[in-house]
Each structure stands twice: as structure tokens, then as C-alpha cells.
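*Asks:* If you scroll down you'll find the structure; I have some questions about it.
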Amino acid sequence: MVSSTIDHMVAVTVFLAATLLFIGLFNQTIQTAVIYQRHRATATKASDLLDNMLLSPGIPVNWGQTDIVPTGFGLQDPEFTQYRISPFSLMRLNSSTGTPVYYPKTGLTYSNITMGFGQSLLVPFSSTLNYSTALRLLGINGTYGFSLTMTPIVTVSISEVQSNPLTLSINVFGAGSPLAYAEVSYCFMIIKGREGGAYPSYTIDYGTTLANSAGVASLVFPGFDGTEDSYVIIAYAHLSGLVGVGYHEHVVYDENYVVPFVSNFETGEVLLAHSWDVHGGDHPAEIAYNATFVLLSEDFTLREMPLDNETGKIVGKLNYGQDPQHAYNNLTINTHNPGILIVTYSKSAVESGVVIMPWGISSLAFPVTFGGDSSKQEWVATDMRQVIVGGIAYQAKIALWSLEGYQVVG
Amino acid sequence: MMRTIEVLIVIIIITGAFIAASFFAVLPWPRQVSPVNLRRLAFTTLQMLDSNYDLSRAAFETENYTIWGGLQIALSASLPPNVIYNLTVYEVTGETTQLYTFIDSMSNAESLGVTSDASSYMVASSNVTFNVVPEKIGEHSGGGGTLYILNCSDAPGWWITGYTAQSLAQDLYNLLSPYFSNTIMVQNTAQLGQILGNTSLQGETVQNAVVINTCGEAVPIPTAYCTTPYSNDGYAYYNWFLGQRVRQYNWTWASIVGYPFYYVSNIGYFTGQNDWGIYGMKAVYAAGLNSFLRGLNGQGYVTDTIGWITSELTSVPLSTDAIYYSNYYGIYPAPYQTATRALPVGITSAYNLAVTTSLFDPVSGYRAGAVYRNNVSGGFLALGLTRTPDIRLTALGLLADYKPRLYRSEYTAKGTSRIVVLQLGLVGGA
């Protein structure tokens, strides 16, 4: 009787201990499987979300060309189908990388994409679409966070090999290898200071050349000394449907210059401000400017489209520290075809420079990063697509993470 | 002792179950949990390479090493370094036993590994002609069918910023000439004077014609009409006369942009400029349009007292009809336009006009673009949009109004289509 009771007690104790142990072990196994499923679901969501963004133009379809807040988020170019992205919708995304710029004369803060001196895109926050609005429009507010990166596939880098005569080297690289034997078309602009006139003048030269087997092309401009005058070169490279753009500028004077701000997407209004009012600096002085606009035509050559003098000041003067009514000038870009606004400026006959601004993000192949910070997340799913933005090849990459707070095991 | 042994047996069984469950429920590698969607990447890569039909060209010229090699360079350059590929081209044979025949392939690796996926993309040969024969306007109605495009070299334009009247005329010719029995470029104002006098230029029928004014807000005026009475009230009388002629000849007059009949232009006669630096034109102001509408309505000439009648609508969407005909004729202007010179809907009752084609639906009592027809004779296409003009809208408005049919020929895919398969794999990493 006693041995039977002891047998029962031992058996029950061992069984209970074993049950508790196995519950813990099975729980760990099940948790692993659940996390696997959740990660898998996040990865599927990333792919779906990226397609949702890229294959829908949003509501209204032309929201990228207006200043209204869309009621549906999408980046597709409404004039095309499939993975063709609107260069203007991308312009309206609030950049998550550049430091915002405050311009006291308008009292507005601007989203900033700057690629170097005189190569910037500044869009007022009031006209941009911010991350939280995008999350709400995509229906993932509180459940997922994302970061969307649009990067040009082809990198066209231009460097100065020699100043006199000016010799430039154009390097064309793709994501994986050089774009050998690519055809390169370029627009070369030489800026002259206020010689015999109140405003700077410029000459534009167009041409084409061919890259070698290493994706390198060389350009020589006989009779032009690169140290004497400011210049800017914009080059398009294309091969078998792959198109990229690059630019290089050299300015002889950069103490005072023009800062262009996008003012109105619908009317194409751009503000031209004095740099001292935006960034400060030493030796502020009055500058004169002369603006023009170039388009990329279908045969990959650049074409100058005169700006309208009636609706803005194509040429003018800017002084620093003026009252807001006289601090900046307006001009209007009367097209919603992607192009490049080129503003030459000068303080004197020998002190000149040039700044450029893309109208449509693709015309200067500016990269765009929009969304949250993925680096602080525990587990991030990524996916990518190859897309065309305004004729330029881009790679669209999404990083998506869950906000539901589960952990990584394994 | 028996109970303890039973419990031990149970523990052994559960342990076995746990080991078996653990064997299957392991966390996979990150690549398996969150794979790059290689199928979509392959598809979008093919689409991108064919964005200018370069892939289509290369798929049909695999023996051309320059083109085929260019495609391989572009493909290698477009994919990330850790992605390997195999691109294969097949001929669509249409045979019952074998649908696809291998043509050629390219690859940057011997094997695509265990993780790979593929997408296919159909391309058509550039030699394929999808023949479309348009019906000629006036072909069956027995009269008309003439398109006059005012390409007057001696008349400058206004509000056609970025273009010249001549470049617009050439684009219109390319777009619309297949739909008309005769397309005549009116090369100067003297020739305009001829057709205003019912004299044909090349033996065409003057009556029932369509006249497109490519000079924007300016209207060419022949030198012979630069005198009284046509010059009365700052040339408003000339515009009344044009309206009268449109009614008399049953023309359809097309104004491509801005405020119609705002200027008259003749570079040989007008020596002054229009206050904006354009020489060779004179402002008639709003009286030009009002006088034209009176002439079109068969009313006598009176000095205009109405003045400015248009309004700004900013962004206006294409009407449902316009979108339908946009798809039918394959003419795709931007779906939203900016209208700064929209005409009031009230002109229809004031001048006995009916809207036969509405490119934009009315907003707040104003219509941005439409074809108006008088209840007796004559028509008027007015596009009150802001510059820069989009002549696709002019073409769309006229085609939507005349509705010429398109006769499409049949074609076969055999020998004219190829399928391109891009298979992608990943190398390196976990």
C-alpha cells in the first residue's frame, strides 16, 4: 500500500515536471513559427505596398502637378501604364534626408534635396506630402512603417581633367557595371558676367559623343579656359533603353548667388532668392541673373525652351536684406514636361556663376528618400523594382517594418 | 512502480514529438523569409529595357552583335551586382506541337543557383504593320473634306510660346491629314484672302472646310483686308467678316489657345508691336470674338459694347466623351488642363449655338473647350486654355466632332512576335 502511494506520488511529480518543461519547449517552437509567419507577411506586404505605390497614380491622378493634398497615394505617371513614375509626384514627397531650409522672407520651411553647390531642389513643406499623411493614405498607419528610396540606375559623373583647353571626362556607370559604348548627349553652357549689359549672358553648345569600353567619354573644348569663366555641363547617357543623366558645374564666384525655390506646382511658379537671405555668408552684394529652361527631347538631345517674360522676370537683380516684398523675384515655368531651370548670375563682368534646379525630379536624376528611418528597426523587409521616371532609369526600393512590437528569435 | 514507468514512457513519447516538431519548425534564412521578388524585378527590368523599344529591336536582331551586345551591357548595368541572369529569346511559332523555338540567349553565370525566378515579356517586330485606314471626313457626305491649316509666313502668332505657327502647322498636318480628303497649308495671308473669296488654292472644295488658326490669339489678316470697312473699330469688323464667311461657307473655325480673335496679324502691314515686343500685329481686344460670334450668327455688324466675356477655371478635367475619343484615336493630351479663357455657356443662347462636342464639362457656367455649331451654318472650336498650346487637343476636338471611323486590318502573330524570358538568381550572402 505504501509502495503504491509512493509510486503514485513519484509518477505525478515527474509527470507534472515533464509537462511544465514541455509546455515551455513547445511554446518556444510555436513562437519561432509565429515570428517566421509574421516576417513572411511583412515581406509580402513590402512587395504589395511597393506595387501599390508604383502602379497607381493616386487620387487625383495629377496631384503631382498641383498643390493639393491627395486623397489616394500613388506615384505612377497618369499618362502611362505599368512602372512609369511621375517625376512631379516624386518632387512633392518630403525628403527625409536633406536638412530643411527656412527662408525668412516667405516665412516658409522648405524640403531640401541638395546634390552640391548650385544643384538643389527646395519645395515648401506646405506643398509636400509628408510621411504621416502617406501612411494614412496607404492604410498602414500604426501597423507598418516604410522608407521608399528612388535611386538613378545609371550614374553619369563628370570631372575636369584639364582647365585650358577645358577637357572633361564623363564616366557612365550602371548599378552593376560600366555602361560601355553608351551614347552621350550634352548641353554645355558658358556664362559671361555683366559685360556691357546689366545682366549676365550665356552661350549654349549642344553635342554628342560615345563612351569607350570602360564607359568613359572625353570632351575637349578648344579655346575655352575653364578657370576664366563659369560653366555648366549636363550630359545624358543612353544605351538599350537605359538612360541616365549627370552634370558638372564650375563657378568662378560663389559668395553671392541665386537660390531657386519652388513656389507653386500648378502654375510652375519659382522664387529666385538672394543666397545671403537664405544661407548668410560674407561680403553680401547685389547680383544680376538671367534664367533659361532646357528640356530633354525624345531623341535624347537637350532643347532650350524660352521662359515667358510676361509672367515672371527672366532677367533681374537681387539684393540682400530687402523687405519681403522686394527680396525675391518670380518666374514661371509654363510646362509640366521635365526640364532643367538654369539660372546664371553675376556680380561683375568677371564674377559669375550658375545654379540649376530640376523641374521634375528626373531631369537631373536627383535621388529621393521618403519615409521613416529603417536603421532603428529590429527587422526590415526590402524589395525593389526597376522603373522609368521621366525617361530616366531608376531603381525603386522599399524598406518595410512592422510596428506591432514582436521580437526576433533565432 | 508501474505508474512511474508509464510516466517515463509518456515523457519519451512527448520528447520524440518535440524533436520531430523542432526538426520542421526551424527559422529559415533571412533570404527565405524576406526574398527579393525576383519575378517582379525581372519583369520591371524587361519593361525598362523596352521603354524605347530597344529590347524589341534586339530580340529580332540577335545576329547583330552591336545591338545584342548593347543589350547585354545594359542588362548587366541595370541589375545589382549580386543578381545573376539568363536572358533567352524564343520565337512564337504558332505550331501545335511546339509553341516556342529557341533563338538565342545571354547569361553572366553558368548556373543561377537554387533561388531563381523568371518573367517573360512579349515583343513585336518593328516590321509588323498594324494597318489602320481612317475614314476621310467628307468622303461620304459628298462635300467638304478640306482642312486648311493657316501656316502664314507673314503673320506672327501670340500665346503660342515655345512654338512657331509653322511648327504647330506641321504637327497638325501630321496628325490630321490622314482624316481629310484634302489638307492645304495656307502659306501666307494672300492665300487666306483667296479662300475668303471662295477661290480654291489647289482645286479643293472651299465649302464645308475646317480652318485651323495656328497663330493662337492672333488671326492672320490679308493686306487687302487691312483697309476700311475691315479696319473699323480696330479691326473688329474684320473678325465679324470672318464669322460671316464661316457661316456662309459652313466652315469650322478652330482657335487653338487663349482668347480667340484678340489680335490681327500681318507683318507686312502692321509696323508696331503689341505692347509685349511682338511686331506685326494689332490688338482688337475682346471685340474681336464678340464680332466674330455676331457674324457667325448672321447678325449685322455693330460696334462692340459687351467687352471681355471669358473667365479663369484653372484646372479642368477632360470630359468623358473626350477621354473616349482620346482612346479611340490614340491621341493622349494631359487629362487635366489649365483654362484661363473659358467661354460662358450663355453664348449658346445668345448666338444660336449648340455644343456638338464638349472637350471639358462646364464649370461654374464656363466651358474651357468645345465645338459650337450655329443652328443655320458654321462651327467654331474654341480652346480657352492657357499657353503653351497643346495641338493634340485641337486634333482631338475636331476628330471627336466629325467622328471619322478607323478601319483596322487584321494581323497574325506568327513570325512577328517573340518572347523574352529573363531568369534572375542571387549570389552571395545568407
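*Asks:* Taking residue B:149, is it in contact with a strand residue (DSSP E or B) (Cβ under 7 Å, 6 or more places away or on another chain), assigned to a strand (DSSP E or B) and either touching a residue at least 60 places away in the same chain (Cβ under 8 Å) or assigned by TED's automatic domain parsing to the domain that holds residue B:215 (or both)?
*Replies:* yes
*Asks:* Being hydroxyl-bearing (Ser, Thr, Tyr), crowded, with 22+ Cβ neighbours inside 10 Å and in contact (Cβ under 8 Å) with a residue 12 or more places away in the chain is true for just one of A:56, A:89, A:96. Which residue is that?
*Replies:* Only one candidate passes the filter, namely A:89.
*Asks:* Hey, can you tell me all the residues within the range B:43-56 that are out of contact with any Asp or Glu (no Cβ under 7 Å at 6 or more places or on another chain) and either facing chain A (nearest Cβ under 7 Å) or not in a loop (DSSP other than H, G, I, E, B) (or both)?
*Replies:* B:43, B:44, B:45, B:46, B:47, B:48, B:49, B:50, B:51, B:52, B:54, B:55
*Asks:* Among (1) within 10 Å of chain B (Cβ to nearest Cβ); (2) closer than 30 Å to residue B:331 by Cα; (3) assigned to a helix (DSSP H, G or I), where does residue A:80 come up short?
*Replies:* (3)
*Asks:* If a residue has to be touching a Gly at 6+ places or on another chain (Cβ under 7 Å) and farther than 29 Å from residue B:338 by Cα to count, how many in the range A:21-65 make the cut?
*Replies:* So the answer is 1.
*Asks:* Which ones in the range B:259-315 are under 20 Å from residue B:151 (Cα atoms), of a type in the set (Val, Ile, Thr) and outside any strand (DSSP E or B)?
*Replies:* B:267, B:278
*Asks:* Follow-up question, since we're still on this one. Among the numbered criteria (1) touching a Phe, Trp or Tyr at 6+ places or on another chain (Cβ under 8 Å); (2) under 27 Å from residue B:399 (Cβ atoms); (3) not charged (D, E, K, R), which one does residue B:156 miss?
*Replies:* (2) is the only condition that residue B:156 fails.
*Asks:* Then there's this: How many residues are small (Gly, Ala, Ser) and under 22 Å from residue A:244 (Cα atoms) when one looks only at the range A:258-308?
*Replies:* The total comes to 1.
*Asks:* Mind listing whichever residues of the range B:286-328 are within 23 Å of residue B:216 (Cα to Cα) and charged (D, E, K, R)?
*Replies:* B:294, B:304, B:312
*Asks:* Among the strands (runs of 3 or more DSSP E) lying completely within the range B:162-230, list those that include at least 1 residues that are within 25 Å of the chain's Cα centre (by Cα) and either of a type in the set (Ser, Thr, Tyr) or under 24 Å from residue B:145 (Cβ atoms) (or both).
*Replies:* Of the strands (runs of 3 or more DSSP E) lying wholly inside the range B:162-230, those with at least 1 residues that are within 25 Å of the chain's Cα centre (by Cα) and either of a type in the set (Ser, Thr, Tyr) or under 24 Å from residue B:145 (Cβ atoms) (or both) span B:182-186, B:210-213.
*Asks:* If I filter the range A:170-186 for residues that are within 16 Å of residue A:289 (Cβ to Cβ) and touching a residue at least 24 places away in the same chain (Cβ under 8 Å), do I get at least one hit?
*Replies:* No, every residue in the range A:170-186 fails to be within 16 Å of residue A:289 (Cβ to Cβ) and touching a residue at least 24 places away in the same chain (Cβ under 8 Å).
*Asks:* Only one residue in B:362, B:344 is over 30 Å from residue B:55 (Cα atoms), surrounded by fewer than 16 Cβ atoms within 10 Å (Cβ to Cβ) and either among the hydrophobic types (A, V, I, L, M, F, W, C) or in the same structural domain as residue B:251 (by TED's automatic domain parsing) (or both), so which one is that?
*Replies:* B:344
*Asks:* Filtering the range A:255-264 down to residues that are in a loop (DSSP other than H, G, I, E, B) and surrounded by fewer than 24 Cβ atoms within 10 Å (Cβ to Cβ), which residue is farthest from the other protein chains (Cβ to nearest Cβ)?
*Replies:* Filtering first and then ranking leaves A:255.
*Asks:* Quick check on the range A:355-373. Is at least one of its residues small (Gly, Ala, Ser), under 30 Å from residue B:35 (Cβ atoms) and surrounded by fewer than 24 Cβ atoms within 10 Å (Cβ to Cβ)?
*Replies:* Yes, the range A:355-373 contains a residue that is small (Gly, Ala, Ser), under 30 Å from residue B:35 (Cβ atoms) and surrounded by fewer than 24 Cβ atoms within 10 Å (Cβ to Cβ).
*Asks:* Are there any strands (runs of 3 or more DSSP E) wholly within the range A:294-410 with 1 or more residues that are among the small types (Gly, Ala, Ser) and within 14 Å of chain B (Cβ to nearest Cβ), and if so which?
*Replies:* A:339-346, A:381-389, A:392-402
*Asks:* For the list (1) assigned to a strand (DSSP E or B); (2) among the aliphatic types (A, V, I, L, M); (3) more than 14 Å from chain B (Cβ to nearest Cβ), I need the number of the one condition that residue A:252 fails.
*Replies:* Result: residue A:252 fails condition (1) only.
*Asks:* Can I ask one more? Here are some residues: B:320, B:314, B:305, B:338. Which one is modelled with pLDDT under 95, surrounded by fewer than 21 Cβ atoms within 10 Å (Cβ to Cβ) and touching a helix residue (DSSP H, G or I) at 6+ places or on another chain (Cβ under 9 Å)?
*Replies:* Unique residue meeting the criteria: B:305.
*Asks:* Return the pair list, or none, for Cβ contacts closer than 7 Å from residues in the range B:333-354 that are without any contact (Cβ under 8 Å) to a residue 60 or more places away in the chain to residues that are among the small types (Gly, Ala, Ser) and buried (at least 21 other Cβ atoms within 10 Å of the Cβ), at least 6 apart or on different chains.
*Replies:* If the second residue must be among the small types (Gly, Ala, Ser) and buried (at least 21 other Cβ atoms within 10 Å of the Cβ), the pairs left are B:337/B:368; B:339/B:368; B:339/B:384; B:342/B:368; B:342/B:384; B:343/B:382; B:343/B:384.
*Asks:* Among the residues that make up the range A:17-25, is at least one of them surrounded by 14 or more Cβ atoms within 10 Å (Cβ to Cβ), touching a strand residue (DSSP E or B) at 6+ places or on another chain (Cβ under 9 Å) and in a helix (DSSP H, G or I)?
*Replies:* no
*Asks:* Moving on. Just one of B:196, B:192, B:150, B:201 is among the aliphatic types (A, V, I, L, M) and in contact with a Ser or Thr (Cβ under 9 Å, 6 or more places away or on another chain); which is it?
*Replies:* None of the other options fit; the residue is B:150.
*Asks:* Can you spot a residue in the range A:391-405 that is hydroxyl-bearing (Ser, Thr, Tyr), within 30 Å of residue A:193 (Cβ to Cβ) and touching a strand residue (DSSP E or B) at 6+ places or on another chain (Cβ under 7 Å)?
*Replies:* Within the range A:391-405 (the criterion being hydroxyl-bearing (Ser, Thr, Tyr), within 30 Å of residue A:193 (Cβ to Cβ) and touching a strand residue (DSSP E or B) at 6+ places or on another chain (Cβ under 7 Å)), the answer is no, since none of the residues qualifies.
*Asks:* Report the residue count in the range A:274-289 for those that are surrounded by fewer than 23 Cβ atoms within 10 Å (Cβ to Cβ) and outside any helix (DSSP H, G or I).
*Replies:* Final tally of qualifying residues: 8.
*Asks:* Further question on the same structure: Only one residue in B:372, B:351 is assigned by TED's automatic domain parsing to the domain that holds residue B:262, crowded, with 23+ Cβ neighbours inside 10 Å, over 18 Å from the mean Cα position of the chain (by Cα) and of a type in the set (Ser, Thr, Tyr). Which one?
*Replies:* B:372
*Asks:* Let me ask another. Looking at residue B:394, is it more than 30 Å from residue A:384 (Cα to Cα), more than 23 Å from the chain's Cα centre (by Cα) and in a helix (DSSP H, G or I)?
*Replies:* no
The values are calculated or read from the model by the stated rules, or taken from the named source; none is laboratory data. Note that the structure is a prediction, hence the values are computed from the model and not measured. All Cβ positions, even for glycine, are placed from backbone atoms using ideal geometry, and neighbour counts span all protein chains on display.
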